[in-house]
Amino acid sequence: MHPPLPTRHNWSDFLEGPALDAENNNNNNRNTRSSVNGTKIVACKFRSDNHSAHFPHALQQLYRCVSWWNYHRELEAAQMRSSSSSSSSSYGAAAMTTGTNTTRTINASASTNTGAPPMGGADLYLIWPPLAPKVSEFLQGFLHALRETWDVHIVKLRGQVPVVRAKVQYGYHQYQAAAAIHGNNINNNNNNLKNLGYQTRQVSDLQQLRNSMVQLYDPQRFEQELEQQQITMPTLGSFITTTTSKWQQEQQKKASEKRLTKPKITILNRHVDSGRSILNAQELLQALQHEFLGSKQNKKNNGDDALVSSIELIPNMDAYTFYEQMKVMVHTDILISPHGAQLSSLFLMPKCGAVLELFGRGYLCPEFFASLAAASGIRYAYVYTATAATTDAQAGTSTASNNLTTATQQQQQQQRAKELAFWMKDLDSRKVARLFPMCAPIPSIVNHVRQELMDWRKRMENPGQNCL
């Protein structure tokens with residue numbers, strides 16, 4: 001029995017264009033897709049505008065393109081399997097061309113482990129506008145990585161090839177301000193918010209891209225994650241047949257003792273001139289080190305002097321290349337950082353990682369990077385630092401209890417609403433609020449990290465469970 005095709009998606013939620021219309025009209029007939037000289041073309045067009053010049057907004061488009069490409073990668077892998085004369089339990093060998101004009105042979109186990117099925121007979125294209133402004137060094141690195149890992153062809157002219165385009169909402173609107181002011185969560189089912197933030201077809205789209213990049217640029221880390229079951233076979237679950245279950249059980253058995261390694265915590269700050277810098281970052285580092293890297297109480301309670309492998313404070317990543325930023329994220333299990341562009345690469349964090357985003361006085365928009373965390377399979381929480389000195393981190397729809405009186409909580413909520421109503425009422429006010437530095441509420445963050453460490457251990461003990 002051949003494996004099922006990958007699940008189709010309501011692409012019109014975040015994509016548009018003639019290629020999408022053709023896809024919907026073909027009614028699952030994959031042979032009618034565009035081709036050049038017999039090779040199927042899967043193209044996504046980048047839109048150049050004032051917003052996309054800032055790389056976090058450029059990535060809003062590109063991550064949607066990744067979803068479109070990966071869907072067709074999976075289609076090709078399934079098509080190859082169904083037409084292969086080999087057993088349906090194996091991908092077999094397939095050649096994959098990289099951006100360096102070298103050819104690799106991807107065998108069955110490698111394809112399964114990385115979650116990167118062989119492409120087969122399709123070419124991936126990113127149509128780049130001829131008059132697009134110069135891109136940042138980070139974005140240059142990301143585009144180069146797309147070429148090297150998934151062999152994405154980046155061209156400026158598309159001829160008659162049908163394309164899809166990302167549907168992205170950049171602007172900040174009054175309903176978002178109202179939700180932030182009153183402490184309500186943004187309803188992602190709201191039609192006005194369909195294209196806000198980052199969206200993908202499924203979590204595995206960005207995870208597969210991430211795994212491909214780690215395998216190429218940090219092979220030692222890749223092998224470590226394989227051993228610890230952080231990169232697991234079910235990344236292409238619909239393609240895995242029952243004949244692989246025995247192998248999977250053996251790998252899980254081998255990893256049982258290695259799985260419970262210690263996580264790494266990274267405090268990623270911003271330069272003070274960039275705004276939203278954590279003023280007491282050094283004190284936060286010392287508090288976390290005392291709590292999780294050697295306190296006598298930890299040793300007494302846990303039989304181990306350290307609950308984490310390391311805790312690092314990075315003042316900023318302004319001068320980091322894409323590959324240097326990638327290394328930071330790939331080796332970080334729990335990330336603490338202010339709101340800012342440095343969070344755009346959090347999809348590179350290990351599976352089931354966690355991010356805590358900090359907001360300063362007068363500014364709050366958690367739905368932006370929360371959507372990227374959700375699309376990447378990363379746990380997300382945020383702290384509004386101006387009123388959080390005595391309150392715990394707010395995660396999802398619930399606020400952790402810290403024995404405050406109801407009256408005190410109501411007073412702090414009123415204070416937050418008053419601040420946000422003043423600073424988020426218009427664009428000029430928000431620009432000013434975005435520059436405010438912040439003081440991290442250290443007790444709240446320590447408590448939140450403690451809970452995340454407990455949850456991280458549970459997730460590592462049961463790697464097949466849903467991280468979120």
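The values are calculated or read from the model by the stated rules, or taken from the named source; none is laboratory data. Note that this is a predicted model, so its numbers are computed, not measured. All Cβ positions, even for glycine, are placed from backbone atoms using ideal geometry, and neighbour counts span all protein chains on display. Only protein heavy atoms, including side chains, enter the accessible area calculation; ligands, DNA and RNA are left aside. Shrake-Rupley method; radii C 1.70, N 1.55, O 1.52, S 1.80 Å.
Brief remarks on what is shown
- If the condition is being at pLDDT 70 or above and among the aliphatic types (A, V, I, L, M), then the range 111-152 contributes A122, L124, L126, I127, L131, A132, V135, L139, L143, A145, L146, V152.
- Members of the range 312-334 that are under 17 Å from R210 (Cα atoms), charged (D, E, K, R) and open to solvent by 70 Å² or more (accessible area, probe 1.4 Å): E324, K327
- Near pairs, Cβ below 6 angstrom, 6+ apart or cross-chain, from the range 144-157 (under 14 Å from V66 (Cβ atoms) and open to solvent by less than 60 Å² (accessible area, probe 1.4 Å)) to any residue that is of a type in the set (S, T, N, Q) and assigned to a strand (DSSP E or B): D151/T97
- For the range 254-265, the criterion of being in a helix (DSSP H, G or I), hydroxyl-bearing (S, T, Y) and either at pLDDT 90 or above or loosely packed, with under 14 Cβ neighbours inside 10 Å (or both) is satisfied by no residue at all.
- Residue satisfying all of: in the range 413-428; assigned to a helix (DSSP H, G or I) and in contact (Cβ under 8 Å) with a residue 60 or more places away in the chain; surrounded by the fewest Cβ atoms within 10 Å (Cβ to Cβ) among these: L427
- Of all residues in the range 346-364 being open to solvent by 10 Å² or more (accessible area, probe 1.4 Å) and over 15 Å from the mean Cα position of the chain (by Cα), the one that is farthest from D218 (Cα to Cα): R361
- Restricting attention to the range 2-22, the residues that are open to solvent by less than 50 Å² (accessible area, probe 1.4 Å) and either touching a Pro at 6+ places or on another chain (Cβ under 9 Å) or modelled with pLDDT of 80 or more (or both) add up to 8.
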